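Undergrad: Can you read through this structure? Questions will come right after.
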Amino acid sequence: MKPTQPHPRDDVTSVVRASPNGEGSSSGTISRSKPIALITGATSGIGEACARRFLVGGYDVIATGRNAEKLSALSSEFPGRVTIVVADLENPEALRALIRDVVARHVYLDVLVNAAGVIGFDTVAGIRVEDLNRMMTLNVTTPVMLLQGCLPLLEAAKGAVVNVSSVAGTRAFPGIFSYCLSKAAIDQATRCAALELAARQIRVNAVNPGVIVTELHRRGGMADEAYRAFLEKAKSTHPIGRPGEPEEVAEAIWFLGTPASSFITGVTLAVDGGRAETCLR
């Protein structure tokens, strides 16, 4: 599968740390001459797998995440190909700083992958407003505002956006009320944005993974023993008989982000081993 052809330009980008006050510090200019993908959540799981997939596919990558060490390691692995932006995108000032920097340093953007996300465990009876707000911020508001901020660059490239949603956006599950709500919202945002932006030749799609072996659930508070049992149970709740791997989701995102899917927009693509087709829990 061929990557998008680079657009002629002579821009320069830098390694940037997006600080909470919105003032990034930068160093080490790097010339760019290839198609560019901006990937959030690039330090673990699906986001990291996406960064590697697009790098291997010939793209330069703007990789964002909170783990500076992992971002630096990715940059060292692909010298001159990665612009790292250390940022906590739950912080609106850090998000604004990221948008300002990308717009200032680039004339177009071929692909935006919104892979950063968070999960929590709650019920409608026990929901806490701070937990709901946190999940809605990172899972919905951040990708929507990043899309809005990057619109001129995406339009210049006739680019593509891929949001990382979840099977929890299309099916109801107990015990993850706020997470389900946030993922249903990003699915609808995907469809609405696709409809609005089609005339500008910007495609917007989403992937809806099932259980994928990442750090998401443990970072959300699931204990190690419970997580091991959760993965074991995934063998029976997923018709294909196992949980998925980040690289499998990254392949679907690669497809949706590149010209191979040039006539596809507004799709929420299940990458879930058949999970959404069952009522198994």
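Please treat every number below as a calculation from the coordinates, not as lab data. Keep in mind it's a predicted model, so treat the numbers as computed, not measured. Note: ideal-geometry Cβ built from the backbone for every residue, glycine included; neighbour counts use all protein chains shown.
Undergrad: What order do you get for 55-65, 98-108, 212-222 when each peptide is scored by the mean count of other beta carbon atoms within 10 Å, highest first?
TA: 55-65, 98-108, 212-222
Undergrad: Using all Cα-Cα distances in region 131-281, what percent lands in each 5 angstrom bin from 0 up to the longest?
TA: With 5 Å bins starting at 0, P(r) equals 2, 9, 17, 21, 20, 14, 9, 5, 2, 0.
Undergrad: Using the Cα atoms of region 67-192, I'd like the radius of gyration and the largest Cα-Cα distance, Dmax, both in angstrom.
TA: Calculated on Cα positions, Rg and Dmax stand at 16.1, 50 Å.
Undergrad: Could you give the size of the charge dipole of region 146-224 about its Cα centre, using +1 on the Cβ of each K and R and -1 on the Cβ of each D and E, expressed in debye and rounded to the nearest 20?
TA: Working: 8 positive and 5 negative charges, 23 e Å.
In total the dipole reaches around 120 debye.
Undergrad: Continuing with the same structure: Quick one: which residues, 5 or more positions from residue 270 or on another chain, have an amide H under 5 Å from its amide H? H modelled 1.01 Å from N in the peptide plane, none for Pro or chain starts.
TA: 208
Undergrad: Please report, largest first and rounded to whole Å, the three semi-axes of the ellipsoid equivalent to the chain, where each semi-axis is the square root of five times an eigenvalue of the C-alpha gyration tensor. Provide the component values of the computation, followed by the final result.
TA: On the way: eigenvalues 176, 82, 66 Å².
The equivalent ellipsoid of the chain has semi-axes of 30, 20, 18 Å.
Undergrad: Which whole-Hz couplings ³J(HN,Hα) result when phi for each residue of region 143-159 is put into the Karplus expression 6.51 cos²θ - 1.76 cosθ + 1.60, θ = phi - 60°, listed in order with x for Gly and Pro?
TA: Once rounded to whole Hz, the list reads x, 5, 6, 5, 4, 4, x, 9, 3, x, 6, 5, 5, 4, 9, 6, x.
Undergrad: Then there is this: Rank-order 177-186, 258-267, 119-128 by packing density, defined as the average count of other C-beta atoms within 10 Å over each peptide's residues, highest first.
TA: Values: 177-186: 22.5, 258-267: 15.7, 119-128: 13.2.
Ranked from most to least packed, the peptides come out as 177-186, 258-267, 119-128.
Undergrad: Using a 7 Å offset from the Cα along the Cα-to-Cβ direction at both residue 198 and residue 130, what is the distance between the two label points in nm, to one decimal?
TA: 4.4
Undergrad: Using θ = phi - 60° and the Karplus form 6.51 cos²θ - 1.76 cosθ + 1.60, what ³J(HN,Hα) does each residue of region 190-202 get, whole Hz, x for Gly and Pro?
TA: Result, ordered by residue: 4, 5, 5, 5, 4, 5, 6, 9, 4, 5, 8, 6, 10 Hz.
Undergrad: With θ set to phi - 60° and the Karplus curve 6.51 cos²θ - 1.76 cosθ + 1.60, what are the ³J(HN,Hα) couplings of region 46-52 in order, to the nearest whole Hz, using x for Gly and Pro?
TA: 5, x, 5, 4, 5, 4, 5
Undergrad: Residue 204's amide H: which non-local residues (gap 5+, or another chain) put their own amide H closer than 5 Å, with H modeled 1.01 Å from N in plane and none for Pro or chain starts?
TA: So residue 204 has HN proximity to 161, 266.
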